[in-house]
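The structure's right below; bear with me while I get my questions together.
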Amino acid sequence: MNSATLPLLVFVFVGLILAIIMVVSWKKRKQRALDLRSVADTLGFNYAGNDSSRAPQVNTALFRRGGSRRFRNVMTGTQGNYQVSLFDYSYTVSAGETSSTYRQTVAAIIQDRPLPRFELRPEGFLDRIADTFVRRDIDFESHPEFSKRYVLRGEDETAIRAMFTPVLLSLFEMFPPEKKWHLEASGSTLLAYQAAVTVPPQEIRAFLDEACSLANSLLASSGRSASSGLT
């Protein structure tokens with residue numbers, strides 16, 4: 001093998017590996033789409049595929065992150081008194097010459113009353129450092145465990161504090177640490193998801209039930225309860 005042939009072989013080998021990765025990824029996406037279509041039928045939802053117009057695109061933290069935003073496997077239906085959209089959502093964050101894509105399954109729960117805009121998510125090390133210099137986190141002296149574990153932010157702090165009653169704060173304190181729920185609200189829409197977690201098709205029903213249960217607890221705490229009709 002001469003020196004002129006080696007670069008060509010390397011190029012062919014790398015191209016072959018990339019082609020295999022792309023084919024495997026395509027097959028996984030296709031199988032997931034088929035499985036989720038079946039799940040939608042079981043739930044009595046309408047499967048809309050990758051039609052982003054069927055998914056609510058509200059002004060929340062999730063939809064402001066990164067670029068190359070994509071909706072996949074959108075399904076819509078009702079759960080009790082809620083209008084619900086379930087979908088896989090991805091976005092890409094670039095830093096210099098590197099980029100990372102984050103994918104998660106999201107439940108968008110629409111009810112009939114406006115909510116104060118807020119973001120609730122697990123608190124990380126960088127959040128604690130940032131909060132030392134710029135206090136944007138809404139903390140509750142009565143529930144230090146909640147304030148330690150979660151970041152809660154929003155413009156109308158008074159309305160948010162009124163919604164997060166002691167009962168609701170205690171509920172979130174009881175969640176096991178591995179349940180890293182993110183909740184975001186804007187208008188009448190509540191988003192529930194776990195960051196960078198794509199829910200397997202066989203767990204979609206449980207994910208939907210838990211998301212609607214969270215919504216019911218949140219609404220009940222502020223006197224806005226609408227029976228979720230969970231079955």
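Please determine, by comparing only the residues of region 122-146 that are at pLDDT 95 or above and in a helix (DSSP H, G or I), which one is surrounded by the most Cβ atoms within 10 Å (Cβ to Cβ).
146
Restricting the search to region 66-102, which residues are loosely packed, with under 14 Cβ neighbours inside 10 Å and either within 23 Å of residue 47 (Cβ to Cβ) or among the aliphatic types (A, V, I, L, M) (or both)? I'd like the intermediate steps shown before the answer.
In the first step, residues of region 66-102 are kept if they are loosely packed, with under 14 Cβ neighbours inside 10 Å; the result is 67-68, 78, 93-101.
Once the filter is applied, which keeps residues that are loosely packed, with under 14 Cβ neighbours inside 10 Å and either within 23 Å of residue 47 (Cβ to Cβ) or among the aliphatic types (A, V, I, L, M) (or both), region 66-102 yields 78, 93, 95.
Follow-up. Between a residue in region 43-69 that is hydrophobic (A, V, I, L, M, F, W, C) and any residue that is surrounded by 13 or more Cβ atoms within 10 Å (Cβ to Cβ) and part of a helix (DSSP H, G or I), which pairs come within a Cβ distance under 6 Å, given they are 6 or more apart or on different chains?
Cβ pairs passing all conditions: 48/54.
Next up: Suppose the filter is touching a residue at least 40 places away in the same chain (Cβ under 8 Å) and out of contact with any strand residue (DSSP E or B) (no Cβ under 8 Å at 6 or more places or on another chain); does residue 215 pass it? Spell out the reasoning first.
On the way: touching a residue at least 40 places away in the same chain (Cβ under 8 Å): yes; out of contact with any strand residue (DSSP E or B) (no Cβ under 8 Å at 6 or more places or on another chain): no.
No; evaluated as a whole, the condition is false for this residue.
Take residue 80 and decide whether it is over 18 Å from the mean Cα position of the chain (by Cα), on the phi > 0 side of the Ramachandran plot and touching a residue at least 12 places away in the same chain (Cβ under 8 Å).
Working: over 18 Å from the mean Cα position of the chain (by Cα): yes; on the phi > 0 side of the Ramachandran plot: yes; touching a residue at least 12 places away in the same chain (Cβ under 8 Å): yes.
In short, yes.
Quick one: is residue 203 of a type outside the set (S, T, N, Q) and free of Cβ contacts under 8 Å to residues at least 60 places away in the same chain?
Numbers: of a type outside the set (S, T, N, Q): yes; free of Cβ contacts under 8 Å to residues at least 60 places away in the same chain: yes.
So residue 203 passes the test.
One residue is enough: does region 162-181 have a residue meeting the conditions of a type outside the set (Gly, Ala, Ser), under 14 Å from the mean Cα position of the chain (by Cα), within 29 Å of residue 31 (Cα to Cα) and assigned to a strand (DSSP E or B)? Break it down into steps so the answer makes sense when it comes.
Initially, region 162-181 is screened for residues of a type outside the set (Gly, Ala, Ser), giving 163-169, 171-181.
Narrowing further to those that are under 14 Å from the mean Cα position of the chain (by Cα): 179-181.
Subset that is within 29 Å of residue 31 (Cα to Cα): 179-181.
With the extra rule that they be assigned to a strand (DSSP E or B), the set shrinks to 181.
There is at least one residue in region 162-181 that is of a type outside the set (Gly, Ala, Ser), under 14 Å from the mean Cα position of the chain (by Cα), within 29 Å of residue 31 (Cα to Cα) and assigned to a strand (DSSP E or B).
Right, here's the next one. Closer than 14 Å to residue 185 by Cα, modelled with pLDDT of 95 or more, among the aromatic types (Phe, Trp, Tyr) and surrounded by fewer than 21 Cβ atoms within 10 Å (Cβ to Cβ), is that true of residue 63?
Yes; evaluated as a whole, the condition is true for this residue.
Suppose we filter 39, 58, 24 for residues that are among the β-branched types (Val, Ile, Thr), at pLDDT below 95, surrounded by 11 or more Cβ atoms within 10 Å (Cβ to Cβ) and within 23 Å of residue 197 (Cβ to Cβ); which single one remains? Show your work before the answer.
Working: 39 fails: at pLDDT below 95; 24 fails: surrounded by 11 or more Cβ atoms within 10 Å (Cβ to Cβ).
From the options 39, 58, 24, the qualifying one is 58.
When you check residue 198 against the structure, is it part of a strand (DSSP E or B) and at pLDDT 95 or above, yes or no? Before the answer, list the steps.
Details: part of a strand (DSSP E or B): no; at pLDDT 95 or above: yes.
No; evaluated as a whole, the condition is false for this residue.
What's the number of the only condition in (1) surrounded by 15 or more Cβ atoms within 10 Å (Cβ to Cβ); (2) hydroxyl-bearing (Ser, Thr, Tyr); (3) over 27 Å from residue 217 (Cα atoms) that residue 165 fails to meet?
Every condition holds for residue 165 apart from (3).
When you look at residue 96, is it out of contact with any strand residue (DSSP E or B) (no Cβ under 9 Å at 6 or more places or on another chain) and under 24 Å from residue 203 (Cβ atoms), yes or no?
Numbers: out of contact with any strand residue (DSSP E or B) (no Cβ under 9 Å at 6 or more places or on another chain): yes; under 24 Å from residue 203 (Cβ atoms): no.
Considered against the rule, which asks whether it is out of contact with any strand residue (DSSP E or B) (no Cβ under 9 Å at 6 or more places or on another chain) and under 24 Å from residue 203 (Cβ atoms), residue 96 comes out as no.
The values are calculated or read from the model by the stated rules, or taken from the named source; none is laboratory data. Quick caveat: nothing in here was measured; it's all calculated off a predicted structure. A quick note on method: Cβ atoms are made from the backbone with ideal geometry, for glycine too, and the neighbour counts reach across all protein chains shown.
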